1. Let a ≥ b ≥ c be the square roots of the eigenvalues of the Cα gyration tensor of segment A:232-349; is it rounded (a/c under 1.5), or, if not, prolate (a/b larger than b/c) or oblate?
2. Just the number, please: percent antiparallel of the DSSP beta bridges in chain A, rounded to the nearest 5.
3. Quote the relative contact order of chain B in percent (integer), defining contacts as alpha-carbon pairs under 8 Å separated by 6+ residues.
4. Where the centroid of each part is defined by its Cα atoms, how far is segment A:248-318 from segment B:294-312 in Å?
5. Taking beta carbons within 10 Å but only from partner chains, what does the mean come to for residues A:109-118?
6. Considering only segment B:228-371, what is the antiparallel percent among its DSSP beta bridges, to the nearest 5?
7. By how many degrees, between 0 and 90 and to the nearest 10, does the Cα long axis of helix B:5-21 differ from the longest principal axis of chain B?
8. Among B:Gly394, B:Ser73, B:Ala275, which residue has its Cα furthest toward the positive end of the charge dipole of chain B, with +1 on Lys/Arg Cβ and -1 on Asp/Glu Cβ?
Protein chains: 2
Amino acid sequence: MSIGVKEQALAARVAAQQLAEMDTAARNSLLEAIAASIAAAQDSILAANAQDMAAAQERGISGAMLDRLRLDSKRVQDMVLGMRTVIALPDPVGQVTRREQRPNGLLIERVRVPLGLIAMIYEARPNVTADAAALCLKAGNAVILRGGSEAQQSNRAIAQAIGEGLEACGVPAAAVSVLADTRRESMIELLQLTDIVDLAIPRGGEGLIRFVAEHARVPLIKHYKGVCHLFVDASADPELALRLLIDGKTTRPGVCNALETLLVHEAAAAQFLPAAAAALHARGVEMRGCERSRAIVAGLAPASEDDYAAEFLDLVIAVCVVADVEEAIAHIRRYGSDHTEVIATRDEGNARRFTQALRSAVIMINASSRFSDGGELGLGAEIGISTTRLHAYGPMGAESLTIERYVVRGEGQVRHPA
Amino acid sequence: MSIGVKEQALAARVAAQQLAEMDTAARNSLLEAIAASIAAAQDSILAANAQDMAAAQERGISGAMLDRLRLDSKRVQDMVLGMRTVIALPDPVGQVTRREQRPNGLLIERVRVPLGLIAMIYEARPNVTADAAALCLKAGNAVILRGGSEAQQSNRAIAQAIGEGLEACGVPAAAVSVLADTRRESMIELLQLTDIVDLAIPRGGEGLIRFVAEHARVPLIKHYKGVCHLFVDASADPELALRLLIDGKTTRPGVCNALETLLVHEAAAAQFLPAAAAALHARGVEMRGCERSRAIVAGLAPASEDDYAAEFLDLVIAVCVVADVEEAIAHIRRYGSDHTEVIATRDEGNARRFTQALRSAVIMINASSRFSDGGELGLGAEIGISTTRLHAYGPMGAESLTIERYVVRGEGQVRHPA
């Protein structure tokens, strides 16, 4: 019989209080102890992962999913390096973001404090276990991790190593724990502990996010799909646009900042589409197009409504010829997922219009969608890319795991003097 | 048959898009037109309010609730003045909060954009209808207002005037609307429109907040109760502490930033409590105390567990003598509501400890809890005081109705150059 979900969360919350009271140096020492502990536990982590891999293969899991589950010594080293990257980041906790003296003499400060206890719900990717723990601890938060059940042994081994690092520094292992009870009912219970869990972060595929959103009663920041668009304007430099297309679609098609749809201005289509089709074909990408694009590129399969809404996560791209920037905007509003949109243009007015009209988290002007990433955008590390339009929108780093509150200093001021 | 909830929300969302694309001057002109329209509609607003008042009195409603429902020409003028205050505030939309050039030449900007469509759920306070509309519009958001049914006629008359102002500026009246269907089922439907409503803000009593939290599937920022504490440290200036106590408890006991519990250091209790009791008694405040306070102040009623957790919203205060700042912190952690806590002290270490150990939205050092208010803390106006530890915590102004997103400019940069 495993520990109850509520008991586990209450223990984590007590630990969160201790973390919130530690200073920058103490929290960084803690992360260093954990990094060392993970490095030392490499053999047991790999042994646990081998069990997960064997069970997954027995269940017929293969391809990208199996690859995400797999650990090797390089990947364990990457976890350790990732943790040291996080140590080197500026500490968001205690940052004074604003300071104002009021006419009555009150000194108002806005100060960043940790959120408290975070529940991280994700798929079978053991490296997320270490990465998420590092960022949560950096920002002074406790975390309960609930990864995909296929990675259960790996996650436990990693959490065990993290726990040893925590305890070596006098912090309860409950500060970072894997949800002990692996049943779905327990995840639901965790997501409904409204006075204990401050934030749940689901990160993964559509099914997982919908399940969490349906059941959660605690605040939620979704890390949902990326149906990212590239719009090639009439004024675009065709070579630049082609570079963005190839980088966006082919360098890592399985991630959320990969391109899924290409929109081409009708004035550019006759020149751009054949070149794009040749370049994509040479890289094994299947194109599916609208009627007008099929009239330009011979042998193109037709794109369905579903194709325009799809996050393929694969070497497939939907194509649509549009009359102008307004039609591109309308297409993205209809089919987009508010993640990342790219415009290739030399027309400053169209760039401005595209930026202003779309509400996506990240707008790229003449830059690849693949830069929509915490590291690339200067956050140092990310816990994911939020598609929830509240608190954090787009790549989320350590700062997004804190909240600004008010600290006010006076000398006895009252609102209604006697 | 009134318009369906989903249709109303979809129309509001279309209007939100238009608001988001307006510039500062256009949005301020819009607010000015609405202010003029409300001023012109004063007679019809007061006539509608008279209907609500008559119905409420018939149903036996009285006291503070009836007072909150009541409008007069002064209160309508205050709505108009409030709107002009909002016009004068800085525009949060389009603010560039950070700008960074990456080593690869990418220019990263964080830019504030509106949240989108906000659902405001509140009690029978018609002035909130105008105030909330003004702040939502200022930040480029559409809003659907769902006030207490007792204020239904008043809210409709105010929304009618707002709609006329909107339409005079070419903005659909759907940008600000009162939920047409007044049944509870419709409120629930509104709270579950996850792909349409960006944020719900419930503001009011415990029952309302719990109802909304139970049913909402859209993101939520709660504006919940304030069980605010004053801790009088051993080192406190007794006159200063007494001033904070009187201001916090007696100047407006029915609001959420009023004091509900007084904690006194045992070394200060023998001197402070009799003076406090006399001052409070003279102002009609009932004190309920712990055993140790009852030994000092004769005739004090005992405080129960419920009293320590209560938001009295009335001339009642719970009192507890504590051994030191740690015991005060433990008391507040146990009974507090994360709203506002005050310490009266001359000991900088105790002030620091109190601030660091408590996770409340606002910490006041030697200042009255009654300053926990958007206007007093420099926001110009507030839509409420968030007790949700996400996105906004404490007084929430126009800026809290926006979100930072990323706008990235490049010259064709790709993540993996060929």
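Each value in this text was obtained by applying a stated rule to the coordinates, not by laboratory testing. The structure presented is a predicted model; accordingly, all values stated were derived computationally and were not measured. For neighbour counting, all protein chains shown are included, and Cβ atoms are generated from backbone atoms with ideal geometry for every residue, glycine included.
1. On the way: a/c = 1.20, a/b = 1.10, b/c = 1.09.
Rounded shape, in that the Cα axes give a/c under 1.5.
2. Details: 17 of 56 bridges.
Counting DSSP beta bridges with both partners in chain A, the antiparallel share is about 30 percent.
3. Relative contact order of chain B: 18 percent.
4. Taking the Cα centre of each part, segment A:248-318 and segment B:294-312 sit 71 Å apart.
5. Numbers: counts 2, 4, 3, 0, 8, 2, 4, 3, 0, 0.
Taking the mean over all residues of the peptide, I get 3.
6. Working: 0 of 24 bridges.
Around 0 percent antiparallel, to the nearest 5.
7. Relative to chain B, helix B:5-21 is tipped by roughly 80 degrees.
8. B:Gly394
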